[in-house]
Amino acid sequence: MFESLKKKFTGTIGKISDKITEEEKLEASETKSSETIGESKNLKEPIKEESTDKTEEKVSESEKETKSGFMGFLRGKPKTSEQDKDNSSLSSETESELEKSEDVVDAETAEATEDESENSGIFSFVRHKTISDKDIDDILFELEMALLEGDVAMEVAEKIIISVREDLVGRKIKRRNDVADFTREALKKAIENILDIEGRDINGLLEEAKKTGEPLKIMFVGINGTGKTTTIAKISTYYIEKGYTPVIAASDTFRAGAIEQISHHADKLGVKIIKHKKGADPAAVAFDAVEHAKAKGKELVLVDTAGRMQTNVNLMDEMKKIKRVIKPDLIIYVGDALTGNDSVEQAQKFDDAVGIDGIILTKADADAKGGAALSIGYVIQKPILFLGTGQSYSDIMEFKPEWMVEQIIG
Ligand SMILES: Nc1nc2c(ncn2[C@@H]2O[C@H](COP(=O)(O)OP(=O)(O)OP(=O)(O)O)[C@@H](O)[C@H]2O)c(=O)[nH]1
Ligand SMILES: [Mg+2]
């Protein structure tokens, strides 16, 4: 599930980490070679001036990581016999200044020096690096394109990129793993915010229904073949196991074979089904199911409806009528995860027409992209309640944002 989305995010973590580390290595080796040239021209002065300058700048402008990096580099660089000779020719004043400057750096990086051995040499540069826009621009652009290709809605992809950029730019790197850790944190936070959508809690509502004796009425809507009927069978199974008694309304009186299909599921599950003949008024079927639940003290009415394209005015009107007649507590849009952005757009149309309270995304088991799962809730600002994860009655799971984050970031 969502493997391709996971690849994109974890790939980004690796790319940002590699890029910053590589750049710093380059910078470090450039500084190293120019330093060597300086030494050959004048053995004493450049070292003295350089080290004193760096100390002052470090004290006054601790933000400028490359400066302190210079001292880090000096410290981390293995000494050669040549350098030993050079150093021995430094005046005692220079030596003490050099020591002083190292002390300043040491104090400032006390935290980072815990893992000194790992941070020696090249990584003494990296640990003073502050992440800039330039470091991550290309990679975030690449991520945005990859997300769009992976059926992530445009506004969601943009929001993720903005959030990650805001989080990363200006962060100071002190340890080798900081870049990867910061990027992972930034992505996690961005995705958590995308998935954090308030909604109504079916479990709470069912508790309430049990107490009041008023059944919870749920109507399932969506375009053709997304999995509404199968989902109703799964939801029945799920709540029977939790101790509730559902009633199914066979309100798809439109499609040939629809009543037989849902009757078959209901019989297998031992669930009461209320049905009329094909072509009957679906609102009347739903009404009868609600009456039955009330009369028999059943807590849950599940209304199956015909699949309809959002562009079919008559069928959309018919759906509005069912809503008017039974006043469902929840209208759930059932979308096919595999249809990506289309299912997001369709959800929006159904929301405009009848007002959706939540979403069930089916066929998540076959969905490597994960674009719809990541985007749909944010775009219509309604929570995903369940994911369909296969063709058996038990292949359904409550959707938890933390679970999704774990799936795609790890
Ligand atoms: N792999 C997989 N298949 C699913 C899932 N949910 C439904 N299906 C399959 O999708 C197909 C259509 O399911 P239905 O439940 O008939 O869909 P529907 O929305 O009721 O269809 P209409 O009534 O024609 O609009 C069936 O073959 C189901 O087995 C799921 O979560 N995973
Ligand atoms: Mg159906």
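The values are calculated or read from the model by the stated rules, or taken from the named source; none is laboratory data. The model shown is predicted, which means the values in this text are computed figures rather than measured ones. We place every Cβ from the backbone using ideal geometry, glycine too, and count neighbours over all the protein chains shown. Only protein heavy atoms, including side chains, enter the accessible area calculation; ligands, DNA and RNA are left aside. Shrake-Rupley method; radii C 1.70, N 1.55, O 1.52, S 1.80 Å.
Annotation: amide H-H contacts under 5 Å for Asp336 (H modelled 1.01 Å from N, sequence separation of 5 or more, or interchain): Thr362. Each of Ile274, Ile376, Ala233 was scored by the projection of its Cα onto the charge dipole of the stretch 202-400, and the greatest displacement toward the positive side belongs to Ile274; charges sit on the C-beta of Lys, Arg, Asp and Glu.
Once all protein chains are placed together, Ser163 keeps about 20 Å² accessible to a 1.4 angstrom probe.
Placing a pseudo-label 7 Å from each Cα along the Cα-to-Cβ vector at Gln348 and Lys278 gives an inter-label distance of 3.6 nm. Which FRET efficiency, nearest 0.05, do Thr212 and Glu155 yield, Cβ-Cβ r, R0 30 Å? After rounding to 0.05, the efficiency reads 0.15. In the stretch 326-384 the Cα-Cα distances spread across 10 Å bins starting at 0 as 26, 55, 17, 2 percent of all pairs. Spin-label model, Glu142/Lys400: points 7 Å from Cα along the beta carbon direction are separated by 3.4 nm. Over 22 Å apart at the Cα level, from the set Lys268/Lys382; Lys6/Lys189; Lys19/Lys172; Lys242/Lys294; Lys189/Lys400; Lys296/Lys327, are Lys268/Lys382.
For the stretch 395-410, the Karplus equation 6.51 cos²θ - 1.76 cosθ + 1.60, evaluated at θ = phi - 60°, returns couplings of 7, 8, 9, 5, 8, 10, x, 4, 5, 5, 4, 4, 4, 9, 10, x Hz by residue, with Gly and Pro reported as x. Put simply, the amide H of Gly358, placed in the peptide plane, has neighbours under 5 Å in Ile331, Tyr333, leaving out anything fewer than 5 places away on its chain. Couplings for the stretch 192-208, taken from phi via the Karplus curve 6.51 cos²θ - 1.76 cosθ + 1.60 with θ = phi - 60°, read 4, 5, 5, 8, 7, 10, 5, x, 8, 9, 4, 4, x, 5, 5, 4, 4 Hz in order; Gly and Pro are left as x.
Kirkwood radius for the stretch 202-400, taken over all pairs of different Cα atoms as the inverse mean of 1/r, rounds to 16.5 Å. The heavy atoms of Arg176 present about 90 square angstrom of accessible area, all protein chains included, probe 1.4 Å.
For Ser132, the amide hydrogen comes within under 5 Å of the amide hydrogens of Gly170, counting only partners 5 or more places away or on other chains and with H modelled in the peptide plane.
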